[in-house]
Amino acid sequence: MKTTAYTLIIFPLLLISVRILMSEPTERGLTPIQQFEVLYDFDIEAENTPFAISTFAPANTIRQTIIPEPFSGRTWFEEENQKITWEGMLDGKKKLSYRFQFTGKHLIVNIDPTIKLESQRKFSNEKNWTFPTHLIQSNDDKILELSRQLAPDSVETLREISSSFFEFVYQMPSNSTDELTDALTALDRFEASCNGKSRLLVALFRSKGIPARMVGGIILDNSRKKTSHGWVEAKIGDTWVPFDPLNGHFAEVPANYLELHKGDNFLIRRSKDISFDYFYEISSDRANHYPSYALVNLWEVIDHTDLPQKPLTLLLLLPLGAFLVSVFKNVVGLKTFGVFLPVLIAFAFMEMGTIIGLGYFSIIILLIGLLNYPLEKWGILHTPKISVMLTAVAFYSIITLYIFFKTGWLDPTKALVFPIIILTMMSERFARKVEEDSPKEALNVYIQTLTVTLVCVWVLSSTLIQNFLITFPEFLFVFAGLNLFLGKWIGLRFTEYARFGKLSGVQS
Amino acid sequence: MIKRLFGSKKNLTTSVLGINQRNVELIYKYNQRKHYKYADDKSETKRILESNGLSCPKTYALISNIGDIESTWAELDQHSSLVIKPAKGSGGGGILVLKKVNNEWFQGSKEIPQTTIFFHIANILFGVFSFGDTDKCIIEECITPHPFFGQLYPKGVPDIRIITVERKPVMAMLRLPTSASDGKANLHQGGLGVGIDMETGILTDTYDGSKFITHHPDSHNLITGMKIPDWDEIMKLSTKVAEVFPLNYMGIDIVIDKKMGPSILEINVRPGLGIQMANKKGLKSEIIRKLK
């Protein structure tokens, strides 16, 4: 037994060590680094016409790494941006493409709270990014008035000013219009998409003399789409700090934001007299998954097959949860309904939200406890009795879920069948315990089960642990080995120290 | 033997037996799962006891089919008292003690009509008291406790739990009903656990679940120091019982009937550990001492 247990623990740990040591630094880490492949897929058509098409090619920055593939056009620079252009004579249909790999980092900037507006004006040499333009009307009276309202002279630090501007624009209603919206129009309509909101935020910054600019790019996800995205950068101290007033990222950019250009530019410029269609084709891969010596590389499986990540993660968490439960039962000495039930309830709570789940569930338990009295008095047989209780649970669930969705406490897109089945199973066990022992004892075990469940929710919700198990599924064997040892562990349970504590003085 | 039982010396530092150790080193090691049925099914227990001539309440009838209830019941009319119980019940659930007064059956002072009795037997057969598993119904002789127990507390049926390891009795406890336990003697239902001196049968300390007492909480009669009658016979009987069952670690429940004397009520493969509190002794050290 011991050899088996040690083997189950040591071999997976050795394999994990080898995988960590043999992987390249870029392939390491548990926080996923997504690597995207992006393809500009342009279709043009004309009869015997000269054409030119220009767009932006992303450049390497501190937060994005680009590996371009060779293409048929030419590369050049326009101010701080890198551009690519195809040109020539067109007769019939033609496909233009540009393909590159992108790896991005989630960037969060801590704005120094001591920097004041005064010092910024004095040292700023970014004059280009402080002037009003016809789309960013930073000298318009309305904008200036709003700027004064949001940041009166008493507000001195750049952190407070930017926070105030950002909140205003972020809280403004969003729409998804494609049309070009200037800063003033966005303010007048009090509604805008990413480009309108960005221009308004830039205008507000510039109204105070703070250098600010638009940034254009694409939010990368597994898709084929036309949508591009725009956000904002403002110079605070020596740093260009990012803000996305549409999606609510204050002083941060998510890892999947591809930056294409700085400034208020059109993404694509083309000759007028040709027909043109375009798509961005994006596919994602996890870059850091310790590929060396991986017997089963689940990240690759998730990225390249239809296997959904969520059920896979739940399966990987099940042994960890079961191990936690066995520690609680055999070492601490808590009583629970079943071995897997606390883990499954934890999954249900993770899906519904702990507070909502706990409330919903405790009322079910109360309902069953109350129903037990008449049913027991009438001498109803066990199985029909449980069925009556479950009918009540179903009826209660319909009402509750209706209320939850109506009030918006529960996300209507959540798949609730699974949590409901689990909670129903638990209520059956509770009903049984009420019958076998007493409502008091059932409540006692229920509270102990919930204690274990909440610990499971806390541990199993950890993204770090989830990522670890998807990266190193061989670790499951370690749980098996630990369980073998636990199964032979004969020490007193914590609760038994309390139970037999009175005896300790009596003993030889 | 001792070394085989409790592996390392370190464990000797504590004398109390916990659930983990009981399961790993006593139940799993000493009892084969295929033999559990001799304890879990009381009709099996009685079959073995009867075939070995060991005293147990006389079986009047064993019912397995719903269709047999009525005809079997008709044959039981001669008896003036009887007990109806599920063969696979646990914790005293489903047990009905009936006495006949003026040709009507009574449970205590409550009259029980025949249809209710039939319904109860049907419930037993459906497995209501053995959780889904279909069951058999045992109808047996009603025990009248020895007058000794009346001196302690006059209600219910007290029993003596004896733990045997390798056919040797190692620890014993008297289980006394209280008003809170509703006539049942089980510790977790509010009964009292009374330690017994194994040599003499003299009652030592009484544990009520939270503290040690010397008198019965309801009758206020003295318990400590009283001597259980027929103690030597009880010891011999439990040794014999341990010899006829292939279970090397078990709990034997013995009652003392006014006429029959010591009689086996049931046996248990997973006897509880509360007996250690009643005796103020750890089972581990007792097992080591007795098997030396």
When the charge dipole of region A:61-186 is computed with +1 on Lys and Arg Cβ and -1 on Asp and Glu Cβ about the Cα centre, the Cα farthest towards its positive end, among A:Leu180, A:His134, A:Tyr98, belongs to A:Tyr98
Here region A:74-90 yields Karplus 3J(HN,Hα) values (6.51, -1.76, 1.60; θ = phi - 60°; whole Hz; Gly and Pro given as x) of 10, 10, 8, 10, 10, 6, 8, 9, 9, 10, 10, 9, 10, 8, x, 9, 10
Hey, how many Å between the Cα centroid of region B:181-259 and the Cα centroid of region A:17-66? 80 Å
Size of electric dipole in region B:23-77: Cβ of Lys, Arg +1 and of Asp, Glu -1, about Cα centre, debye, nearest 20: 460 debye
Determine the shielding of peptide A:482-495 by partner chains: average, over its residues, the number of Cβ atoms on other chains within 10 angstrom of each Cβ. 3
When chain B is treated as a GNM, springs tying every alpha-carbon pair under 10 Å, which of B:Leu76, B:Leu187, B:Leu62 comes out with the largest mean-square fluctuation? B:Leu76
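Evaluate the relative contact order of chain B (contact order divided by residue number), counting alpha-carbon pairs under 8 angstrom at least 6 apart; express in whole percent. Provide the component values of the computation, followed by the final result.
On the way: 566 pairs, mean separation 62.8, N = 292.
Dividing the mean separation by the residue count of chain B yields 21 percent.
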Taking a cut-off of 17 Å between Cα atoms, list the lysines near A:Lys93, but don't count ones fewer than 8 places away on the same chain. A:Lys272
Can you give the extra length, in nm with one decimal, that the chain gains between A:Asn125 and A:Phe395 once fully stretched, where that is 0.36 nm per residue apart less the Cα-Cα distance? 90.3 nm
Is region A:372-508 best put as rounded, prolate or oblate by its Cα gyration tensor, with a ≥ b ≥ c the root eigenvalues, rounded for a/c under 1.5, and otherwise prolate when a/b is larger than b/c, oblate when not? oblate
Which whole number gives the average count of other chain Cβ atoms within 10 Å of the Cβ atoms across peptide B:16-25? 6
Which listed pairs, of B:Lys99/B:Lys155; B:Lys29/B:Lys292; A:Lys433/B:Lys136; B:Lys85/B:Lys284; B:Lys258/B:Lys284, have C-alpha distances above 26 Å, in listed order: B:Lys85/B:Lys284; B:Lys258/B:Lys284
For region A:169-230, listing chymotrypsin sites (Phe, Trp or Tyr not before Pro) in a DSSP loop whose Cβ sees at most 13 other Cβ atoms within 10 Å gives A:Phe190
What ranking of B:Lys99, B:Lys292, B:Lys88 emerges when the number of other C-beta atoms within 10 Å of each C-beta is taken as an exposure proxy, fewest first? B:Lys292, B:Lys99, B:Lys88
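What ranking, highest mean first, results for peptides A:256-263, A:6-13, A:171-178, A:345-352 when packing means the other Cβ atoms within 10 Å averaged over each residue?
A:345-352, A:256-263, A:6-13, A:171-178
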Cut-off under 5 Å, modelled amide H: who pairs with A:Lys83 long-range: A:Ala57, A:Trp76, A:Phe77, A:Glu78
Would you please report the Å³ per residue occupied by the convex hull of the alpha carbon atoms in chain A? 251 Å³
Using only helices, what value at 222 nm comes out for the protein assembly as shown when you add -39,500 (n - 2.57) per DSSP H run of length 4 or more and divide by the total residues, to the nearest 500 deg cm²/dmol? -12000 deg cm²/dmol
Footprinting proxy, A:Phe340, A:Phe243: sorted fewest to most Cβ within 10 Å, the residues are A:Phe340, A:Phe243
Per-residue Cβ counts within 10 Å, from other chains only, averaged over A:434-440: what number is that? 2
Among B:Thr164, B:Thr200, B:Thr116, determine the one that fluctuates most according to a GNM of chain B built with springs between C-alpha atoms less than 10 Å apart. B:Thr116
Which residues' amide hydrogens lie under 5 Å from the amide hydrogen of A:Tyr278, considering only partners 5 or more residues apart or on another chain, with H built in the peptide plane? A:Asp43
Quick one: among B:Asp197, B:Asp77, B:Asp159, which has the greatest mean-square fluctuation in a GNM of chain B with alpha-carbon springs under 10 angstrom? B:Asp77
J(HN,Hα) series, region A:344-355, from Karplus relation 6.51 cos²θ - 1.76 cosθ + 1.60, nearest Hz, glycine and proline x: 5, 5, 4, 4, 4, 5, 4, 6, 7, x, 4, 5
Pop out the ³J(HN,Hα) list for region A:311-328 in order, Karplus 6.51 cos²θ - 1.76 cosθ + 1.60 with θ = phi - 60°, rounded to Hz; leave Gly and Pro as x. x, 4, 4, 4, 4, 5, 7, 4, x, 5, x, 4, 5, 4, 5, 5, 5, 4
Taking amide H positions as placed 1.01 Å from N in the peptide plane, with prolines and chain starts having none, which residues 5 or more places from B:Met250, or on another chain, fall under 5 Å of its amide H? B:Thr164
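Computed from the coordinates by the stated procedures, all read-outs in this text should not be read as laboratory data. What you are looking at is a predicted structure, and each value in this text was computed from that prediction instead of being measured. Here Cβ is always computed from backbone atoms with ideal geometry, including for glycine, and neighbour counts include all displayed protein chains.
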